1. Return a yes/no flag: does the range 53-76 have any residue that is under 24 Å from PRO144 (Cα atoms) and assigned to a loop (DSSP other than H, G, I, E, B).
2. Residue pairs, Cβ under 6 Å, 6 or more apart or interchain, first in the range 1-24 and surrounded by 21 or more Cβ atoms within 10 Å (Cβ to Cβ) and β-branched (Val, Ile, Thr), second part of a helix (DSSP H, G or I) and modelled with pLDDT under 95. List them.
3. Is it the case that the range 154-162 has a residue that's at pLDDT below 95 and of a type in the set (Lys, Arg)?
4. Looking at the range 79-119 only, could you name the residues that are touching a His at 6+ places or on another chain (Cβ under 8 Å) and crowded, with 19+ Cβ neighbours inside 10 Å?
5. Within the range 62-74, which residues are modelled with pLDDT of 95 or more and either in contact with a helix residue (DSSP H, G or I) (Cβ under 7 Å, 6 or more places away or on another chain) or closer than 21 Å to SER41 by Cβ (or both)?
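The values are calculated or read from the model by the stated rules, or taken from the named source; none is laboratory data. No experiment lies behind these values; they were computed from the predicted model shown. Glycine also receives a Cβ, built like all others from the backbone with ideal geometry; neighbour counts cover every protein chain displayed.
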Amino acid sequence: MKIGMMGAWNLDAGSSVHAELIGREWVRKGHDLRLYSYLQSDFHGTTFVGEDESYVTRCFGVGGYLDPRPILNSDHDIFVVQNVGMLPRDGLRKIFHRIRKNARTVNIIHEAELPSDPSFYQFQWESIVCFDQRYRTFLREAFPEEKIHVIPFPCHPIAKGNKAEARLKLALPLNCKILLIFFQHFYKYL
């Protein structure tokens, strides 16, 4: 399958983590991935965390710039957008009809609520993917129920159990707060 995906890649942003997890798995399974991401000079996040693979093309920025040629010159069966709220929506809107002509379109929602910016709603997505029921609840206010699909974030499910036993097993203190920080390559900043 030929998959086009637009979003953060090799960056320290949550949407990049998600894109990399599923994108690399698609490649591992033999799909032809074309990844369109932020320019080295204008990106979402604070730093790059890896080297780009051969299937990555950097063609847009957070400032609204979009070079549409790499997208329009590729053939896609599916076109996936990660975190459309951070992408150059007006530029994407101008070529979206051409993308939809040949590919199914999927919007993976990373926003925590419905945005107030009207440009978020200018696309006719065939599918809208969210991570859990909380997202589905607010998405139903703006999108048809049949287009919304819950696909959990690809991580280990919550493990419920005895907190004291778990701390003892992991050699963690019993009476201290534990702070979990979600950040790629965080050790580089310590």
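1. Looking only at the range 53-76, we keep the residues that are under 24 Å from PRO144 (Cα atoms), and these are none.
No, the range 53-76 contains no residue that is under 24 Å from PRO144 (Cα atoms) and assigned to a loop (DSSP other than H, G, I, E, B).
2. none
3. Applying the first criterion (at pLDDT below 95) to the range 154-162 yields 154-162.
Those still in the list that are of a type in the set (Lys, Arg) too: 160.
Checked the range 154-162: at least one residue is at pLDDT below 95 and of a type in the set (Lys, Arg).
4. We begin by selecting, within the range 79-119, every residue touching a His at 6+ places or on another chain (Cβ under 8 Å); these are 82-83, 85-86, 99, 102-103, 108, 110.
Within the range 79-119, GLN82, ASN83, ILE99, ALA103, ILE108, HIS110 qualify.
5. Of the residues in the range 62-74, the ones modelled with pLDDT of 95 or more are 65-74.
Those that are modelled with pLDDT of 95 or more and either in contact with a helix residue (DSSP H, G or I) (Cβ under 7 Å, 6 or more places away or on another chain) or closer than 21 Å to SER41 by Cβ (or both): TYR65, LEU66, ASP67, PRO68, ARG69, PRO70, ILE71, LEU72.
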